[in-house]
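What follows is calculated from the coordinates using simple rules that are stated; it is not laboratory data. Computed from a predicted structure; not experimentally measured. No Cβ is skipped: glycine too gets one built from the backbone with ideal geometry, and neighbour counts run over all protein chains shown.
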Amino acid sequence: MRVGRIALGLVVVVVALLATLRIWDSTTDNRRREIEAQNSVRADKESRESQHEGLSQEIRTDSVTECIVEFGEVGYGTTATERLRLRNTTDKPLTLIEYQATCRCTWIELPRYPIAPGEWAEAEVKFDSRGEHGSVGNYIEVSTSDERCIIAVWMSAEVI
């Protein structure tokens, strides 16, 4: 009888140990997947930056130039920046005058000089994640010296 209780006690200990190992293994797998996903997001962004050195878009007459800026995961309380290259495909110099954004957490730093026909200029789209949580999407409209040319910038971020 006593041997049976000892054996039963050993079985209970072994089962508890196996359950603990299974939970630990599952937790380790989940953490490994999280790290791989973070590294993948970081590698994708670094690859995009090294290949394109920012996002590029051509500005055309009589149309809205749409740009999509995806910041991906942004840590809470940080400011994310993405370069936006704009090419003037019109036949006149073009000045980016001002912008309006749907949120004060999103803004764009515009070049302070006219963009000659065929030339490129850089702007920086910025997003301040303070006060934001989860998925965020905002819109910036940039007016130019040619009222027929409008630049629409759509941005998204996931605040973590």
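Just for region 113-160: of the residues that are hydrophobic (A, V, I, L, M, F, W, C) and under 12 Å from the mean Cα position of the chain (by Cα), which one is farthest from Thr65 (Cα to Cα)? For region 113-160, the residue satisfying everything is Ile160.
Just one residue in the set Tyr99, Tyr113 is aromatic (Phe, Trp, Tyr) and over 25 Å from Gly72 (Cβ atoms); that residue is Tyr113. Counting only residues that are farther than 15 Å from Gly134 by Cα and surrounded by 15 or more Cβ atoms within 10 Å (Cβ to Cβ), region 61-79 holds 3 of them. Scanning region 88-118 for residues that are of a type in the set (Asp, Glu) and surrounded by 13 or more Cβ atoms within 10 Å (Cβ to Cβ) yields one hit, Glu109.
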